[in-house]
Amino acid sequence: MTLEDIRGERIKKLETLRASGHDPFPADVNEGMPIAAVLKNFSKIARRKKPITVVGRLFAKRGHGGSTFADIRRGDEKLQLFFSEDALGEAYRLFSDTVDVGDFLEIAGTPFTTKRGEPTLAVSRWRMLAKSLRPLPEKWRGLQDVEERFRKRYLDMLMNDDVRQRFYTRSFLVRTIRTFFDKTGFNEFETPILQTVAGGALARPFKTHHHALDIDLYLRIAKELFLKRLLVGGLERIYEIGRDFRNEGIDATHNPEFTMLEAYAAWWGEDKMMQCVEKLFGTVVGQLTREGLMTGAKEFEYDKKKIVAKTPFPRISFLDLLRQHALIVDYDGETRDSMALRASRFGIETAPHESRGKIADGIFKKICRPHIINPTFVVNHPLDISPLAKKIEKDSHYVRRFQLVVAGLEIANGFAELNDPLDQQGRFEDQQKMRAGGEEDAHPLDESFIEAMEYGMPPAAGVGIGIDRLVMLFTDMHTIKEVIAFPTMRPK
């Protein structure tokens, strides 16, 4: 029988229900007793020998002549039901003829325990709350096509307990992060998603048009420049958790829309922000461990690698990693072309407009980063790939920037924030030259942000943390699609 045949049969059952005076989608709902509460207190409830009401989705149906056992599930708990023709009469026949696995039901029944010790409700009344017109995937086969799992995540969650638990973990993780920043004296604010200039990161934006104003707008690639405007406005500890959008490739760690936390603290340097990130990391791991959502506090596994999260996290310079793993001994002595030649030997393609720093960053990502297993801060990056960070005073070709890398994943990126408007203007102009040369990811010139800085921005440190990658790390998932409820997919 095809899917359309099954759907047609279920529509006939829906019509049968309506013809018998039953509304398959009633407006009034009796929530009843949660199944989890029924199971927790089953012995006590059963001794009362009084009917109770539960609601949920039917997940199994086993007929035996004039009786049927069925399983109803609500949330993560399920309860066995017993339907008897002797007890229900015509209502039993209507149940047998019209109810399918996947339907939502309201059940009134008396609790009892079967000979096998199974908590069960002897059904005295049932009502359809929502009729399913399509069959659920078979429990033992599930969704075999991985892409189909992502396209129909609702079925993936419904049929796979591990997937559902993963998203509970994600929700708990985000809540823990919010609580941490709230208790640390930060306040959460919202910044625009639609922006006239897509700034705050080196990335290609999505573009749209607002008809009433007749202007082009961009989906934000970062929250940074508007949060820094709040620093100018006198708000000293601020953060935001929300979606960013980048019109770039899709791979194991990148999705066009993703969730980022950005936090900024006036009067902090990058050292204090790194300490804050260490404390946050330990807090999240500890809370997840206490909730039983991951095993191990100071040690856990990712991709069969043992992660030791011992503080303080080591700090290794960007150049030291290039020396150690890519054998680039004298980065300052390299030219743009010699760096491109080195990249080609590692199988990394480069474009004529790419700067020496960007090529080096590509080498770092492919050759160096996979070697970093335990939480490590990579510090002191080249200036040309860090247009919003303060320069190192003793060496102005590098900036006071850090990245937290764990198990080869970049988890966080932060720096001492540049607050010199003239320096920032010059950096943006340099980025414009790169853009004119073909570098689409170069940072645009944001004159309104420069104007805000000219009113005075306090010394500050900031950090961006990839929520999706953090969930990947703590749930041992190796593709970002597994931790985003509805990842971006090519339409079928």
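The values are calculated or read from the model by the stated rules, or taken from the named source; none is laboratory data. Predicted model, so just to flag it, every value in this text is computed and none were measured. Neighbour counts run over all protein chains shown; Cβ positions are idealised from the backbone, glycine included.
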Can you list the strands (runs of 3 or more DSSP E) lying wholly within segment 235-350 that have 2 or more residues being farther than 16 Å from Gly464 by Cβ and of a type in the set (Asp, Glu)?
299-302
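Against the definition (within 28 Å of Ala222 (Cα to Cα), of a type outside the set (A, V, I, L, M, F, W, C) and in contact with a strand residue (DSSP E or B) (Cβ under 7 Å, 6 or more places away or on another chain)), how does Arg178 come out, yes or no?
yes
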So Glu248, is it farther than 30 Å from Gln165 by Cα and surrounded by 15 or more Cβ atoms within 10 Å (Cβ to Cβ):
no
Within the set of pairs 6 or more residues apart or between chains, which connect a residue that is under 14 Å from Ile372 (Cα atoms) inside segment 300-328 to a residue that is in a helix (DSSP H, G or I) and hydroxyl-bearing (Ser, Thr, Tyr) with Cβ atoms less than 7 Å apart?
Leu322/Tyr331
Among the residues of segment 19-47, the number that are without any contact (Cβ under 8 Å) to a residue 12 or more places away in the chain and surrounded by 13 or more Cβ atoms within 10 Å (Cβ to Cβ) is 1
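Let's see how each residue does on (1) over 25 Å from Ala266 (Cβ atoms); (2) within 30 Å of the chain's Cα centre (by Cα); (3) in a helix (DSSP H, G or I):
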position	(1), (2), (3)
Ile373	yes, yes, no
Val379	no, yes, no
Val399	no, yes, no
Phe415	no, yes, no
Arg427	no, no, yes
Asp441	yes, yes, no
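When you look at Asp216, is it acidic (Asp, Glu), assigned by TED's automatic domain parsing to the domain that holds Ile467, assigned to a strand (DSSP E or B) and at pLDDT 95 or above, yes or no?
Spelling it out, Asp216 is indeed acidic (Asp, Glu), assigned by TED's automatic domain parsing to the domain that holds Ile467, assigned to a strand (DSSP E or B) and at pLDDT 95 or above.
Any idea which residue in segment 363-388 is surrounded by the fewest Cβ atoms within 10 Å (Cβ to Cβ), counting only those that are farther than 23 Å from Met339 by Cα and of a type outside the set (Val, Ile, Thr)?
For segment 363-388, the residue satisfying everything is Asn374.
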Determine whether Ser355 is in contact with a helix residue (DSSP H, G or I) (Cβ under 7 Å, 6 or more places away or on another chain) and not assigned by TED's automatic domain parsing to the domain that holds Val285.
yes
Please give the number of the condition Tyr154 fails out of (1) loosely packed, with under 13 Cβ neighbours inside 10 Å; (2) touching a helix residue (DSSP H, G or I) at 6+ places or on another chain (Cβ under 6 Å); (3) among the aromatic types (Phe, Trp, Tyr).
(2)
Across segment 198-232, what is the number of residues that are in contact with a Phe, Trp or Tyr (Cβ under 9 Å, 6 or more places away or on another chain) and over 18 Å from Ala389 (Cα atoms)?
7
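The rows are residues; the columns are (1) touching a Lys or Arg at 6+ places or on another chain (Cβ under 7 Å); (2) surrounded by 19 or more Cβ atoms within 10 Å (Cβ to Cβ); (3) of a type outside the set (D, E, K, R).
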{"site": "Leu321", "(1), (2), (3)": "no, yes, yes"}
{"site": "Leu327", "(1), (2), (3)": "no, no, yes"}
{"site": "Arg336", "(1), (2), (3)": "yes, no, no"}
{"site": "Arg342", "(1), (2), (3)": "no, yes, no"}
{"site": "Gly357", "(1), (2), (3)": "no, yes, yes"}
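In the list Glu349, Glu429, Glu393, which residue meets the criterion of being out of contact with any helix residue (DSSP H, G or I) (no Cβ under 6 Å at 6 or more places or on another chain), surrounded by fewer than 18 Cβ atoms within 10 Å (Cβ to Cβ) and either aliphatic (A, V, I, L, M) or not assigned by TED's automatic domain parsing to the domain that holds Arg237 (or both)? It would help to see each step written out before you state the result.
Working: Glu429 fails: either aliphatic (A, V, I, L, M) or not assigned by TED's automatic domain parsing to the domain that holds Arg237 (or both); Glu393 fails: either aliphatic (A, V, I, L, M) or not assigned by TED's automatic domain parsing to the domain that holds Arg237 (or both).
The unique qualifying residue is Glu349.
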Looking across segment 286-308 at residues that are among the hydrophobic types (A, V, I, L, M, F, W, C) and either outside the structural domain of Val405 (by TED's automatic domain parsing) or in contact with a strand residue (DSSP E or B) (Cβ under 7 Å, 6 or more places away or on another chain) (or both), the single one that is nearest to Thr475 (Cα to Cα) is Met294
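This table checks each residue for (1) closer than 21 Å to Glu262 by Cβ; (2) out of contact with any helix residue (DSSP H, G or I) (no Cβ under 6 Å at 6 or more places or on another chain).
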{"site": "Met434", "(1), (2)": "no, yes"}
{"site": "His443", "(1), (2)": "yes, no"}
{"site": "Ser448", "(1), (2)": "yes, yes"}
{"site": "Met453", "(1), (2)": "yes, no"}
{"site": "Met457", "(1), (2)": "yes, no"}
{"site": "Ala461", "(1), (2)": "yes, no"}
{"site": "Val471", "(1), (2)": "yes, no"}
{"site": "Asp476", "(1), (2)": "no, yes"}
Segment 131-181, residues that are modelled with pLDDT of 90 or more, part of a loop (DSSP other than H, G, I, E, B) and in contact with a Pro (Cβ under 6 Å, 6 or more places away or on another chain):
Lys131
Of the residues that sit in segment 116-130 and are of a type in the set (Gly, Ala, Ser) and part of a strand (DSSP E or B), which one is nearest to the chain's Cα centre (by Cα)?
Ala130
Residue list for segment 48-77, restricted to those being hydrophobic (A, V, I, L, M, F, W, C) and surrounded by fewer than 15 Cβ atoms within 10 Å (Cβ to Cβ):
Ala60
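Check Gly56, Gly65 and return the single one that is under 30 Å from Met157 (Cα atoms) and of a type outside the set (A, V, I, L, M).
The unique qualifying residue is Gly56.
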